[in-house]
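> Dropping a structure here in C-alpha cells format, bear with me for questions.
Only the coordinates and a few stated rules stand behind these numbers; no lab work does. As the structure is a prediction and not an experimental result, all values here were calculated from the model. With ideal geometry, Cβ positions are generated from the backbone for all residues, glycine too; neighbour counts draw on all protein chains shown.
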Amino acid sequence: MLINYIKIGWRNFTRHRSFAAINVVGLASGIACCILIFTLISFHLSFDTFHTRKDRIYRLVTQWHDDGIGYSPAVPQPLGKAFREDFDFAEKTARIVDYQNILISVKNGGELKKFSERWGIAYTEPAYFDIFDFPLLKGDRATMLKEPGTALVTEKLAKKYFGDKNPMNQVIRVDNRFDYKITGVLRDIPENTDLRQEIYLSYINLKDWNPWIAGNDSWGGVYSGCKAYALLKPNVNSKKVAAAMPLISKKYFKGRDQKIWRFALQPVADMHFNPDYDGYADTKYLWALFFIGVFLIVTASVNFINLATAQALNRSREVGIRKVLGSLQSQVFWQFIAETAIITASAIVLAVAISAVGLPWLNNLFESEMSLHLFSNGPLLAFLVLLGVVVTFLSGSYPGLVLARFQPVLALKSKLSQRHIGGFSLRRILVVAQFSISQMMIIGTLVIAGQIRYSRTSDLGFNKDAVVMLPLPDNDKVKMTALRSRLQELPGVQNLSLCWQAPAASSNNTTGLIYENRAEEEHWSVNTKNADDQYLKTFGLTLVAGRNLYPADTAREFLVNETFVKKLGLKSPKEVIGKLLTVNRTVKAPIVGVVKDFYNYSFRSEISAVCISSDWGNYGNCAVKIDMRSAKTTLPAFQKIWNETYPDYLYEYQFLDDSIAGFYRMDNIMLKLTQAFAGIAVLIGSLGLYGLISFMAVRKTKEIGLRKVLGATIPGILWIFGKEFSRLLVIAFLIAAPLAWWAMRKYLEEFQYKMGIGPGIFLLAIGGTFAIAAVTIGYRSIKAALANPVKSLRTE
Amino acid sequence: MINITNLQKFYRTEEVETIALNNLSFGIKEGEFVAIMGPSGCGKSTLLNILGLLDDPDDGSYLFNGIEVAKFNERKRSDLRKHNIGFVFQSFNLIDELTVFENVELPLIYTKVGAAERKRRVEEVLDKMQIMHRRNHFPQQLSGGQQQRVAVARAVVNNPKLILADEPTGNLDSSNGNDVMQLLTDLNEQGTTIIMVTHSEHDARYTHRIIRMLDGQAVTENILV
C-alpha cells in the first residue's frame, strides 16, 4: 500500500511540476532557515557544556547595590583567595587575570617574530585546569604554571610561533617586557567556549604586570579581566554558598561598602547567556530566532495547504475511484500524507544544500565556526526527522482530511465545489496569516535598521568622524611627546589629543567620589577619563561653564559633565566651579569646567557622570582628528611615525566611528538576520500568492470570458484579482501592525535613547507588501485578463 | 441476491425537495444480467449508487445476499463493496497516474491480497481481457475501448459477485461498445450478476431483463430470456 502511495505521490509530483516546485522551494526556504537557526541555537546552547563537572562549576561575580544594581562578571583579585581560604565549599578555586590584545614576540632561528594576540595573556592558577576540561597535550600536569615565568600555550599557537619545532622550553616575550618559558601545550580551545584564552602564564607573575591588582588588598577595584571560578564539592548547594557570600563583604569591606559590594555565584551554564554579566548570546535573541524559525515554517506550510486544497478538486476523481474500489477515508488521508512526505523530503534535501551555502555567511556574521556535518551530528539529524514529520503533518493534514471526506458519488461526477474543499475563505485566512508574518518581519527589520541608523547618526555630543585612534603601547612620556610633535606637523592633521580613551569607549574606569567636604562618598560613581588639554578641541566637546584644563602631567584639576552636576543635586553648572573633588579616594583637585553632556556609553545605557583630568601615566591612545580628504597620505605617514616611535610594537589603528559602531554589533547581526529571514518570508509568501493567483485565474477563466463578452474592460477584470488581494493585505496589516508595534517597543525598551516608531515605518511595510504582491500577481492576472474570451469559454 | 423494498431517496436543497427514488421495490437473482433504463433524471444512477453502496437510501430496505445493508456505516459498506461489487463507468474512471497494471491491481491492494498473488491475478485478468501487452501504459496512452477493457478488468479482478455498470458503452464507438458488451456477457455466463444502467436499446438486448424507470419508480419490466 505504502509503495502505491509513494508511486502515485511521485507521479503527481512530476506531473504538476510548477506546483511541486512552488511547494518544494517554499518549504525548502523555510526549512533551510530552520536548519540554520537550529545550528545557531544549538551552537550557543553547547557553550561550555563539554566540561565534565559543569554542574558544579560556578563563576564568582560582583554586584554593586547602590543607586540601582550594577553587575560585573569580574571580581576584586583577592576574592578568589578569600573564597578558598574562608570557606570550605569548593573542591577547587582558581583565579585568572587576562589582558587582551597583547604583543607576543618569539625568536625562531635568529628571526624575531611579532604577533598581536587578540585574546592576549592570562595569569592563571593551576587549579583552573582542574575545574575546566582543557586537556594538556605536552608537559607535566602536576607542576604546570607553578614555577614563576612559565607558560602554557595551545597547540595552534605553538605551531604558529615555532612551526614544527618542539615548543617545550621555548621562550615567548610578552609585551616586549617579560619572558616566559613554555612548559606545556594545551589542546586547541574548542569553538563553543567563552573561555578563549590561549596563553596561560604563572599566576605568581601577575605582580610584574600590575602590582596593585596582584596585591591582597586590591578589594576596592574590579578589573574586567579578573575572574574567579569555583568547582563546588559534590552535594554542596549553591544557594547555601550564595547565602554565605555576604560574610566576605563583611570581612573585607568597611562602612557603607559592606552593603554596596556583594558577590554571587553564576553557574557556568549561565555565562554565555546572561547579559548582566556580559553574556554574549542573550537568550532573548535566541528566542526571537526560534520564533522566526517557527514563523517561517508555518508560512511555508500555509503555502502548501493553500495550494494543496486549491488543487484538491483536480484530485477528486481519483479519490472517488479509490473509494469506490474500497478505500477508507483513513487510507485516502494517509495517501495524501505520504505524498506530502515526499515533497517535504525533497524540500529537506534542497534545504540542506541551501543551508550549506548559507552557513559560511552565518559564520562570518557571528565570527564562529559552526559546521553542518549531517551524519555525525545526531541532534541535527533528529531535528531534521522531527521537522520532516511536523511539516508533513502541519502541511498535509488539512488537505488530506479535505480529500478523504469527498463523497465518491460527487467526486466521480466532478460535482464537488469550492465549498467541499474548505471554500475560499480558508485560503483567505491562510494568506492573511502569511502576510501578517511577512509584514511583522518587515516592520521589525525597519525598526532595527532605524535604531541602528539613529545610533550612528545622532549627535553624540562629541565629534566621532574622521578621528583616528592610535594606541600608546607604553607610558614613556618622551616617546608620547615625540609622537605628538611629529604627528602635529603632518598636513591633514587638524588636532590631536593624548588620552586614556575616546569620550565613548568600551573600556571605562568607574570609581567613587567625594564632593567638596561632604562626609561620605556619593551613592553614585563617576566615569573617569584621563586626557590632556586638547581633548575638548579634538573631540568637539563643548564647555558650558568654567574653563578647559591647563596642560599638566598629573591630575591637578577636573572637568565634569552636566549629569555630574545634576547628580549632585545642583541647579547650575557654575555652582561646581572651584569646588574640590576627590576620586578613587586618592586624587583631590578642584573642578574648573563643566562640559555639555555627551554619550559616554552606547544608547543602551544612560549618560553617566563623567570627570576628566590629565594624567600622563594613564594615556592609552593618541586621538587624531584628520582632514579626510588627505587621509590617503596621512594614514601611511601615521604608520611610519608610529613605527619609528615604537619599533618594538605592532602598528594598528582604528577610526573612532568604527569602534562606536561596534557597540551595536549584536544589533547589526540581528538586523542582517531579520533582513534575510524577512526576505525569505516574503519570498515564500509571494510563491504562495503566485500559486494561488494561478489557480484563481484557471478557475475564473469562464467568468472572465463571460465578463469580457458582456463588455468588461481589462482594468475591470484586473480589479477582480486586485480587489481580492488588496483586501487580504489590508487585513493582514491590521493584524501585523499592532503586534509588530508591541514587539518592537519591547526591543527599543533596551535603549535609553531611541527612535520613535512613527507611521512612516508602517506605511513603508504595507506599501512594500503591496508592491511585492502586485508584482507577484500582476503577470498572471494580466495574462488572464487579456485571454481571448472565445477561447476561454471554449475551455470550459 | 438483491432485494429492495420501498426504497426512497430525496435530494433536498433549502427550497426544493426532489424525489429521486419513490418507493422502489424489486429483486435480482444471482446470475442475472439486468438492464435499467429510463429517461435522464428518472433515478437510474441514484439507484445504481445505492445498490453499489456508494450512497444510502433515506428509507426502505436493501437486502444484499439476505443481509440488510441500507443502514451500514462507511466502514461496513466499504468492506462489503470491495469484496463483492465491481464497477464499470461510462467515463472509465481509471487513475491517470497509475499504469494499466497498477489500476487493475488497486482493488487487490485494498483487499490486502499478497504481492505475488496480486501479480498473478492481474496478469490473468489482463490476459483474459486481451490487454496484457498494454500493462505498463498509462490510461491516456490507450484508446477508449482499451480503457474500458482495463476498467472491466479492474471490476472483475477481485471476482465480485455483482458488477454494476453505468452506461459502459456510452463513450465508445459501436465496435468497441459491442466488444465490451460481449465481455460483460461472457462474465455473466461465468456466473457474475450484472446490473447495467443504459440508454441503449441495443446494449439492453444483451441482458436477461430490462427494468424501465420513470420518476423514481419502476414502471415496466421486460423479460428477454
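> Using θ = phi - 60° and the Karplus form 6.51 cos²θ - 1.76 cosθ + 1.60, what ³J(HN,Hα) does each residue of the range A:657-673 get, whole Hz, x for Gly and Pro?
5, 5, 5, 6, 4, x, 4, 10, 4, 5, 5, 5, 4, 4, 4, 5, 5
> How about A:Lys746: which lysines have a C-alpha closer than 16 Å to its C-alpha, ignoring those fewer than 8 places off in the same chain?
Within reach: A:Lys284, A:Lys754.
> Would you work out the relative contact order for the range A:222-302, in percent, from Cα pairs under 8 angstrom that are 6 or more residues apart?
Here the relative contact order equals 14 percent.
> Then there is this: In whole Å, how far is the Cα centre of the range A:117-139 from that of the range A:631-690?
Here the two parts' Cα centres lie 31 Å apart.
> Among A:690-700, A:230-240, A:457-467, how do they line up by average Cβ neighbours within 10 Å per residue, starting with the highest?
Result, highest mean first: A:690-700, A:457-467, A:230-240.
> Hey, how many Å between the Cα centroid of the range A:498-527 and the Cα centroid of the range A:433-492?
Answer, in whole Å: 23.
> In peptide A:312-325, how many Cβ atoms from other protein chains are near each Cβ within 10 Å, on average?
Rounded to a whole number, the mean comes out at 5.
> Mind jotting down the three principal axis lengths of chain B based on Cα atoms? Whole angstrom, largest first.
Rounded to whole Å, the extents work out to 49, 38, 37 Å.
> Could you check the simple spin-label distance between A:Thr49 and B:Leu224, using points 7 Å along Cα→Cβ, in nm with one decimal?
Those two pseudo-labels are separated by 7.7 nm.
> For chain B, set up a Gaussian network in which alpha carbons nearer than 10 Å are linked by springs, and say which option among B:Asn23, B:Asn158, B:Asn73 fluctuates the most.
So, out of B:Asn23, B:Asn158, B:Asn73, the one fluctuating most is B:Asn73.
> Separate question: Which residue, B:Ile211, B:Ile95, B:Ile85, has the most motion in a Gaussian network model of chain B that connects Cα atoms within less than 10 Å?
Checking each option, the largest mean-square fluctuation is seen for B:Ile95.
> Here are some pairs, A:Lys413/B:Lys44; A:Lys207/A:Lys240; A:Lys165/A:Lys207; A:Lys251/A:Lys567; A:Lys251/A:Lys529; which of them have Cα atoms lying more than 22 Å apart in this structure?
A:Lys207/A:Lys240; A:Lys165/A:Lys207; A:Lys251/A:Lys567; A:Lys251/A:Lys529
> Then there's this: Calculate the dipole size of the protein assembly as shown relative to its Cα centre from +1 charges on Lys and Arg beta carbons and -1 charges on Asp and Glu beta carbons; express the result in debye to the nearest 20.
680
> What ranking do B:178-189, A:99-110 get when scored by the average of other Cβ atoms within 10 Å per residue, highest first?
Descending packing order for the listed peptides: B:178-189, A:99-110.
> Another question about this same structure. How many percent of Cα pairs in the range A:600-753 exceed 26 Å?
Considering the range A:600-753, 63 percent of its Cα-Cα pairs are separated by more than 26 Å.
> Quick check for the range B:55-177: number of Lys pairs with alpha-carbon distance under 17 Å, counting only pairs 8 or more apart or on different chains?
Summing the qualifying lysine pairs gives 5.
> Test of understanding: extend the Cα→C-beta vector of B:Ser61 to 7 Å, then name every residue of the range B:1-15 with backbone N under 12 Å from that spot.
B:3-7
> Once the Cα atoms of helix B:100-110 and of chain B are each reduced to a long axis, what angle between those two axes, in degrees from 0 to 90 to the nearest 10, is obtained?
60
> How large is Rg/Rh for the range A:221-370, to two decimals, with Cα atoms and a Kirkwood Rh?
The Rg/Rh ratio comes out at 1.30.
> May I ask for the net charge around A:Ile514, where only other residues with Cβ less than 9 Å from the Cβ of A:Ile514 are counted and Lys, Arg are +1 while Asp, Glu are -1?
Result for the neighbourhood of A:Ile514: -1.
> From other protein chains only, count the Cβ atoms within 10 Å of every residue's Cβ in B:155-161, then give the mean.
If you average over the peptide's residues, the count of other-chain Cβ atoms is 1.
> Related question: Given the rule -39500 (n - 2.57) for each run of at least 4 DSSP H residues, summed and divided by the residues of the protein assembly as shown, what is its mean residue ellipticity at 222 nm, to the nearest 500 deg cm²/dmol?
Taken over the protein assembly as shown, the calculation gives -15000 deg cm²/dmol.
> Counting residues in the range A:248-313 as N, plug N into 2.2 N^0.38 Å and put the Cα Rg over that result.
Taking N as the residue count of the range A:248-313, the ratio is 2.29.
> Further, regarding this structure: What does the convex hull of the alpha-carbon atoms of the range A:641-687 project to on average, in nm²?
Averaged projected area of the range A:641-687's Cα convex hull equals 5.3 nm².
> Measure nothing fancy, just the Cα-based angle from helix A:378-404's long axis to the longest principal axis of chain A, in degrees from 0 to 90, nearest 10.
That helix lies at roughly 30 degrees to the long axis.
> Could you work out the local net charge near A:Gly326, counting Lys and Arg as +1, Asp and Glu as -1, over the other residues with Cβ closer than 9 Å to its Cβ?
Result for the local shell: +3.
> When we measure straight from the Cα of A:Lys579, which aspartates and glutamates land under 13 angstrom away, once same-chain ones fewer than 8 places off are left out?
Once the sequence-local aspartates and glutamates are set aside, what remains near A:Lys579 is A:Glu516, A:Glu557.
> Using only C-alpha atoms and all pairs of different ones, pull out the Kirkwood radius for the range A:474-648 in Å with one decimal.
For the range A:474-648, the Kirkwood estimate is 17.0 Å.
> Something else: Average partner chain C-beta neighbours within 10 Å, per residue of B:90-103?
Mean shielding count: 4.
> Would the range B:130-184 count as rounded, prolate or oblate if I go by the C-alpha gyration tensor, calling it rounded below 1.5 in a/c and otherwise prolate when a/b exceeds b/c, oblate otherwise?
Because a/c hits 1.5 or more and a/b fails to exceed b/c, the range B:130-184 counts as oblate.
> With the alpha-carbon atoms as the only input, what is the per residue convex hull volume for the range B:163-225 in Å³?
So the per-residue Cα hull volume is 86 Å³.
> Using a Cα-Cα cut-off of under 13 Å, which aspartates and glutamates could be cross-linked to A:Lys181, ignoring same-chain neighbours fewer than 8 residues away?
A:Glu147
> Using amide H atoms built in the peptide plane, which far-off residues or other-chain residues are under 5 Å from B:Val88 H to H?
Those lying under 5 Å, H to H, from B:Val88 are B:Leu164, B:Ala165, B:Asp166.
> How big is the equivalent ellipsoid of the range A:54-277 along its three axes, where each semi-axis is √(5λ) from the Cα gyration tensor, reported in whole Å from largest to smallest?
After diagonalising the Cα gyration tensor, the semi-axes are 33, 18, 15 Å.
> Rg(Cα) of the range A:146-286 divided by 2.2 N^0.38 Å?
Relative to the 2.2 N^0.38 Å estimate, the range A:146-286 comes out at 1.31.
> What net charge is computed for the residues neighbouring B:Leu126, neighbours being all others with C-beta under 13 Å from the C-beta of B:Leu126, Lys and Arg scored +1, Asp and Glu -1?
The answer is +4.
> How large is the Rg to Rh ratio of the protein assembly as shown when both quantities use alpha carbon positions and Rh follows Kirkwood?
1.16
> When only Cα pairs under 8 Å and 6 or more residues apart are kept, what is the percent relative contact order across chain A?
Computed value for chain A: 15 percent relative contact order.
> For the range A:77-142, state what percent of all Cα-Cα pairs lands in each successive 5 Å bin, counting from 0 Å until the bin that includes the largest distance.
4, 13, 15, 17, 18, 15, 8, 5, 3, 1, 0
> Now for a separate question. Using the per-residue mean of other Cβ atoms lying within 10 Å as a proxy for protection, in what order, highest first, do the peptides A:242-252, A:716-726 fall?
Result, highest mean first: A:716-726, A:242-252.
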